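What follows draws every value from the coordinates through simple rules; no lab data is involved. Nothing here was measured: the structure is a model prediction, and the numbers come from that model. Note that we place each Cβ from the backbone using ideal geometry, even for glycine, and neighbour counts take in every protein chain shown.
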Amino acid sequence: VHVDQLPANTYTFQVDLNTADWTEISALPNIGEKMAQRIVEFRETHGSITSLRALMQINGIGPRTIQAIQPYVPDLPLSDEMIADSQ
C-alpha cells in the first residue's frame with residue numbers, strides 16, 4: 001500500500017455548545033481559548049444556549065463567527081424566532 005496514493009479523507013465533527021467544555025469548543029473555527037471560555041461562562045450564567053444568534057451577546061462574537069461555526073453545531077437553530085415559527 002502506498003500511502004501517498006490513497007485519497008485524502010475529510011473529517012467533520014459536531015459540538016454541543018450546551019455540554020461541551022471549553023477545550024472542545026475551542027476547536028471550532030474562529031473560536032480560541034478565551035472565546036471558548038466566554039461561551040462556557042455565558043452558558044453557566046444564562047442557562048442553555050437556544051440559538052446561535054444568542055451567542056452574539058458575547059463580546060467578540062459576530063455574524064462571521066456564527067457563520068463559521070454553524071456547520072459544527074447543527075442542533076442549534078440560527079435564531080430563537082425559528083423555534084417559535086416551527087411550534
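Side notes on the structure shown:
- Local electrostatic count, Phe13, Cβ distance below 14 Å [Lys/Arg +1, Asp/Glu -1]: -3
- Gyration tensor verdict on the stretch 18-87 (Cα atoms; rounded if a/c is under 1.5, prolate if a/b is larger than b/c, oblate otherwise): prolate
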